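What follows is calculated from the coordinates using simple rules that are stated; it is not laboratory data. The shown structure was predicted, so the numbers you read here are calculated from the model rather than taken from an experiment. Cβ coordinates were reconstructed from backbone atoms using ideal geometry, including for glycine residues, and neighbour counts include every protein chain displayed.
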Amino acid sequence: MSTIPIAPNVFSTDPELRLIGGRHRHSRKFVFPLPAAGDFEAVELPARGVLWSFTVQRFAPKSPPFRRTDPFVPFAVGYVELPGALIVETPLTQVAFEDLHVGLAMELTTIDCGRDGGDIVQTFAFRPSASAGGAA
Amino acid sequence: MTDVYIVGIGIHRFGRTENLSGLDQAEFAIHAALKDAGLGWPDIQVAYGGSDAAGKADTLVTQLGQTTLPFINVLNGCATGGAALFGGCGAIRAGDADLGLVVGFDKHPPGAFDPKPQDWGLPAWYGEVGLMVTTQFFAMKLRRYMDQHGITTTALGRVAEKAFANGAHAPHAWRRVPLDLQTILNSPKVNDPLTKYMFCSPGEGGVALILASARKARQLGRTGIRIKAISMRTRPAGSFEVFAPSLDLERGGSATEIASRAAFESAGLGPRDIDVAQLQDTESGAEIMHMAENGFCADGEQEAWLADGRTRIDGELPINTDGGCIACGEPIGASGLRQVYENVVQMRGTGGGRQVPRPVRTAYSHVYGAPGVSAVVILQC
């Protein structure tokens, strides 16, 4: 069984895991995801940042579009501030809900979110930084 | 600026009405407003109206009468009612009509709203991973705000407690049973830090207002309540809105702040001149944040305001006197006009158990809708 990304051009894994954002050629502002049209160049976004805000999704989002697994398990989502780039909205993983707080150091990872045929579909997520106590 | 007067108001009660469509509830509200104004449908020269999910307002002419009037449909999310009123006022100020109708209505199925990524210009994966949920946005805007300005979950509970207490006295409200603070705080979490009783529910209802030019209002002997100012604004750069996969590091203001400043400026008034306010309360935290965004207090002061009961019916600035969206539910197209309806009731002094116990001469209403639209109306008598 192999793993496939949830969509092309959302994140890359080679040589290392990074989100693919866009940077406007004139305003130099960053956006995520990379817009299909417009004057943007593709850029790899920083893989580490700090938690800007968060919540816990206690009820199952409507499915479709949500790739629901049974039974539904509540999950955390948040915004992570990536220094010098932007603030990205993301699922959060490998963290107890009660440990979430604004300013928590986070790093990029992937999570499984269902299957397409025989393939495991993966999306991006953020988890608390492995380098505990380290600056973001 | 040419004055516009509100000479009639009508409402179909909010909540659930099984046998009536959204359009039926709009028709009910229109007949009530016409009766209130002492007018008939053929007197109306222009109409603005809308719903988010219950049909096209202009089809109402089938039931009301095919008088061939211009009838403009409006669709601006939760700000639909405010946008319709903005349009109706414009037509009367321009001299195109002396009498106008503004109507908002809706009928949503039970449960959270069900937006589609493609309708919002978002990729399919955004919905697949579970981010296409409006309540997450409210919770995350609030969490950030609470962290920055020292707002507690108790304050969130107090807003809902006040909403249910006020709604109990509003015949048009959906939730009419008071709930105590502990019940609200201990109810199941929906999106932390918000619990079930801190959120409004999608619902049903209809509201209609009859607008008149100064000349017509004098003729009708109805110059009691006029629209002192109305403003509507879309979001500025850097605002934080629903369904945003990323945000600029450089944060900006909100559509609410801009609409509020514009309305106060146009009215030549300030927040201290307001006797009663209806503020968009999609959830408890929205009311708290909107207190500051509309200029009524500084960020963080809400904690003390709520602890002191300053926004209760008998407080110095009563807010959401009919229980707001939390007690009335949220029929998207109708809520903005419900606020104006409630302000007219308060100014007429006919609020019964929810009547503000001192003269209401200047009343403020504010709606906010996705993805960043706000309208503010200031009434004066």
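What is the angle, in °, between the Cα long axis of helix B:255-267 and the longest principal axis of the Cα atoms in chain B? Nearest 10 is fine, range 0 to 90.
Rounded to the nearest ten degrees, it is 40.
Which entries of A:K29/A:K62; B:K116/B:K196; B:K141/B:K228; B:K56/B:K116; B:K141/B:K196; A:K62/B:K141 have Cα-Cα distances beyond 28 Å here?
A:K29/A:K62; B:K141/B:K228
Mind pulling the angle between the C-alpha long axis of helix B:134-149 and the longest principal axis of chain B? Nearest 10 degrees, somewhere in 0 to 90.
In chain B, helix B:134-149 runs at an angle near 70 degrees to the longest axis.
Please state, rounded to one decimal and in Å, the Kirkwood hydrodynamic radius that chain B gives when every pair of distinct Cα atoms enters the mean of 1/r.
Hydrodynamic radius (Kirkwood, Cα pairs) of chain B is 20.5 Å.
Taking the Cα atoms only, what angle lies between the long axis of helix B:332-348 and the longest principal axis of chain B, rounded to 10 degrees?
70 degrees
For chain B, what does the relative contact order come out to in percent, with C-alpha contacts under 8 Å and a separation of six or more?
26 percent
Between B:A307 and B:R215, take the C-beta separation as r, use R0 = 51 Å, and let me know the FRET efficiency to the nearest 0.05.
0.60
Name the longest site-free stretch of chain B, where the excluded sites are GluC sites (Glu not before Pro) in a DSSP loop with no more than 12 other beta-carbon atoms within 10 Å.
Here the longest run is B:19-249.
Given the convex hull over the Cα atoms of the protein assembly as shown, what projected area results after averaging over all orientations, in nm²?
Reported value for the Cα convex hull: 25.4 nm².
Loop-only trypsin sites (Lys or Arg not before Pro) in the range A:1-103, please: DSSP not H, G, I, E or B, and at most 14 other Cβ atoms within 10 Å.
Filter output for the range A:1-103: A:R25, A:R28.
Share of antiparallel DSSP beta bridges in chain B, in percent to the nearest 5?
On the way: 39 of 53 bridges.
Percentage antiparallel, nearest 5: 75.
Rounded to the nearest Å, what's the spacing between the alpha carbon centres of the range B:115-165 and the range B:316-354? Just the number, please.
Measuring centre to centre over Cα atoms gives 23 Å.
Taking a cut-off of 19 Å between Cα atoms, list the aspartates and glutamates near B:K35, but don't count ones fewer than 8 places away on the same chain.
Within the straight-line cut-off, B:K35 pairs with B:D24, B:E27, B:D43, B:D98, B:E342.
Can you give me the C-alpha center-to-center distance between the range B:269-287 and the range A:38-91, rounded to a whole angstrom?
31 Å
Once the cut-off is 22 Å, how many percent of the Cα-Cα pairs in the range B:94-181 end up in the long-distance tail?
It works out to 60 percent of all Cα pairs.
Hey, in the GNM for chain B with a 10 angstrom Cα cutoff, which one of B:T17, B:T321, B:T67 fluctuates hardest?
In the Gaussian network model the winner is B:T67.
Compute the distribution of all C-alpha to C-alpha distances in the range A:3-131, in bins of 5 Å from 0, and list the percent of pairs in each, rounded to whole numbers.
For the range A:3-131, the pair-distance distribution reads 2, 10, 19, 21, 20, 16, 9, 3, 1, 0.
Mind giving me the FRET efficiency for B:W120 and B:R358? R0 is 45 Å, r the Cβ-Cβ distance, nearest 0.05 is fine. Each step should come with its number before you reach the end.
Working: r = 44 Å, r/R0 = 0.99.
Efficiency at R0 = 45 Å is approximately 0.50.
Please flag any cysteine in chain B that has no other cysteine's Cβ under 4.7 angstrom from its own Cβ.
Cysteines lacking a close Cβ partner in chain B: B:C78, B:C89, B:C297, B:C328, B:C381.
With chain A treated as a Gaussian network of Cα nodes joined by springs under 10 Å, which of A:P71, A:P61, A:P33 yields the largest mean-square fluctuation?
A:P71
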